[in-house]
Amino acid sequence: MTEVQELQQRGRAMNVVQEFLVHKLLFPKVYLDAEFNGKKVDVLAIDRSGSGDVHAVRMVNRGPGRYIEDGIMVEVARKVHESMGEFKTFQSHYRYVVVVNDEPDTRIFKQGDEITREALAEDGVGRIGILYVDLTEDDPKFQIRVILKAERFRSSKEIVELADQFVAEHIANWEFRE
């Protein structure tokens, strides 16, 4: 796949995730390729017109070289595990890792017990969600699947202040406007 094709597929996947969040949240502001508190995320959504919960998304492309061991796609599982590790300390209320499939005739991602455990916050309050986007379908917006439901992490004064500052300084890629 060429660099342009990869960029286009990434953009399509980001659009699918954006659409998912727009339908899930109440009047969100959505930012693509955002840097929040010095860390990059593929999609950032702040609920309730920028004054609510912060949702952060990192995408993982299935890519070549995947092989299956005990029903788990090892290379993809490694990438998801790595993204979750980086996400553990991210300042947001909800966190998602999105597995993007752009190759026809491949199996849906299935997480193992290790990834399910890794998704949980150390104190059990919060869990990183896993979404699966299949770009091989005619209409990918209908092909987003929740593999592991995200659970809300603890809030803090810092998250609220970061969100307020971010909304004041950045123009959303998508927002509800009257």
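The values are calculated or read from the model by the stated rules, or taken from the named source; none is laboratory data. Computed from a predicted model, the values in this text were never measured in an experiment. Positions of Cβ are backbone-derived with ideal geometry, glycine not excepted, and every protein chain shown enters the neighbour counts.
Which condition breaks for His55 when tested against (1) modelled with pLDDT of 90 or more; (2) part of a helix (DSSP H, G or I); (3) crowded, with 18+ Cβ neighbours inside 10 Å?
It fails just one condition, (2).
Looking only at region 157-178, filter to residues that are loosely packed, with under 12 Cβ neighbours inside 10 Å and over 22 Å from Thr89 (Cα atoms); which one of those is nearest to the chain's Cα centre (by Cα)?
Checking each candidate, the answer is Ile171.
Give me a count of the residues in region 126-156 that are exposed (fewer than 12 other Cβ atoms within 10 Å of the Cβ) and under 18 Å from Phe87 (Cα atoms).
3
Go through region 132-178 and give me each residue that's part of a loop (DSSP other than H, G, I, E, B), without any contact (Cβ under 8 Å) to a residue 40 or more places away in the chain and under 25 Å from Gly11 (Cβ atoms).
Scanning region 132-178 gives Thr136, Glu137, Asp138, Asp139, Ile171, Arg177.
If I filter region 98-117 for residues that are under 18 Å from Arg152 (Cβ atoms), surrounded by fewer than 20 Cβ atoms within 10 Å (Cβ to Cβ) and modelled with pLDDT of 75 or more, do I get at least one hit?
Yes, region 98-117 has at least one match.
Check off (1) closer than 26 Å to Ala168 by Cα; (2) surrounded by 15 or more Cβ atoms within 10 Å (Cβ to Cβ); (3) at pLDDT below 95; (4) among the aliphatic types (A, V, I, L, M) for Val43 and give me the number that stays unchecked.
Going through (1) closer than 26 Å to Ala168 by Cα; (2) surrounded by 15 or more Cβ atoms within 10 Å (Cβ to Cβ); (3) at pLDDT below 95; (4) among the aliphatic types (A, V, I, L, M) one by one, Val43 breaks only (3).
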